[in-house]
Amino acid sequence: ANGTVSNWNPNANGQVNVMRVQGSSVYVGGFFTFVGGQTRNYVAKLDFTGSAVLAWDANANSSVYAMTLGGSKVYAGGDFGIIGGQPRVCIAALDSTTGLATAWNPVSDNSVRALALDADTVYVGGLSTNIGGLARNYVAKIDPTTGSAVPVWDPNANSYVFSLAVSGTTVYAGGAFTSVGGQVRGYIARLSKTTGLADSWNPAANNLVYTLVSSGSKIYAGGEFSVIGGQARNRIAELSVPSGAAAAWDPNAMDGAVYVLSQSGTSIFAGGPFTSIGGKSRNRIAALDASTGALADWNPNSNARVNAIVVSGGKVYAAGDF
């Protein structure tokens, strides 16, 4: 928590895109083929306290971009065609104990970049136009038992979806789209969990949105935008859940996008290729006050971009190209 790097060092030999913590384990996905001292292709399960890789070995045959955890399952998305010992095209559910793929098999026709799990549904975003047996442009709602796309839910985005966040009765989406849920929406939208239609919430970003965090009456967004919620906001912003307007919170990331945001208590941790945020030099990773946007003294100073951040047990786990 003081910004120094701990002894935890899995030492991946390639980019890490996503991390998720469950109990005493850290699941990671990316482009690596060796991590924690062992061969692990694109996905691995690491010891939470040490740096060793665990026996769990889903052994994907190509990159993993997204993961979400639910009960005894690890949902994974990416570019793979085989994972967990089975043919699974770009999306799979893996047993959290064995690493084997379950029977769940939606089959996506292109890369999966975002996954969000609700109590009774898996929401999927990415580059695909067909998933779960139905035509679905870039975002879909998948039955967690059958793997079929839910017929009545079809927001029909006109370009890629990079981030999803479920809150209450709605699904927040961010990406490269300018139309989704039957409405013109610049790169960010709020969709009904029931109908898939966009409601009146419309922050109207002027460029890509890569990451979203839902926090009570606030939505934190990161990306490549310079305007969002009716205000000039460079690459990072806080938006009102009722109105979509940008709050006064304005860390102002410079010289690079914000790829990932993660909240822990009163702090928002940001990662990406940026080199300045909160009015000071911060190379690619920073901690911000969730209420004021003020920059913390915490400064790990990464020498290359940070793609994934997870906060757990007083520690910030960071992964990327550094």
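The values are calculated or read from the model by the stated rules, or taken from the named source; none is laboratory data. Note that the structure is a prediction, hence the values are computed from the model and not measured. Using ideal geometry, Cβ is built from the backbone for each residue, glycine included, and neighbour counts are taken over all protein chains shown. Ligands, DNA and RNA are stripped out before the accessible areas are found, and what is left, the full protein with its side chains, is counted by its heavy atoms. Shrake-Rupley method; radii C 1.70, N 1.55, O 1.52, S 1.80 Å.
The table below gives the values:
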read-out	value
Exclusive hit being assigned to a loop (DSSP other than H, G, I, E, B) and either modelled with pLDDT under 95 or surrounded by fewer than 17 Cβ atoms within 10 Å (Cβ to Cβ) (or both), set Asn234, Asn206, Asn202	Asn206
Pairs where the first residue, in segment 154-180, is at positive phi and the second is among the basic types (Lys, Arg) and open to solvent by 20 Å² or more (accessible area, probe 1.4 Å), C-beta under 6 Å, 6+ apart	none
Candidate set from segment 272-287 (those that are farther than 23 Å from Gly175 by Cα and not small (Gly, Ala, Ser)); member that is most open to solvent (accessible area, probe 1.4 Å)	Lys280
Hey, Leu69 assigned to a strand (DSSP E or B), open to solvent by 10 Å² or more (accessible area, probe 1.4 Å) and at pLDDT below 95 or not	yes
Of the criteria (1) surrounded by fewer than 22 Cβ atoms within 10 Å (Cβ to Cβ); (2) part of a strand (DSSP E or B), which one Phe162 fails	(1)
Residue list for segment 240-271, filter: hydroxyl-bearing (Ser, Thr, Tyr), in contact (Cβ under 8 Å) with a residue 24 or more places away in the chain and surrounded by fewer than 16 Cβ atoms within 10 Å (Cβ to Cβ)	Ser243, Thr266
Hits in segment 133-153 - residues which are buried (at least 24 other Cβ atoms within 10 Å of the Cβ) and more than 18 Å from the chain's Cα centre (by Cα)	Arg136
Contacts under 7 angstrom Cβ, first residue in segment 93-109 being of a type in the set (S, T, N, Q), partner assigned to a loop (DSSP other than H, G, I, E, B) and open to solvent by less than 50 Å² (accessible area, probe 1.4 Å), 6 or more apart	Asn105/Arg88; Asn105/Gly147; Ser108/Cys90; Ser108/Ser128
Hey, Tyr75 open to solvent by 40 Å² or more (accessible area, probe 1.4 Å), in contact with a Ser or Thr (Cβ under 6 Å, 6 or more places away or on another chain) and at pLDDT 95 or above or not	no
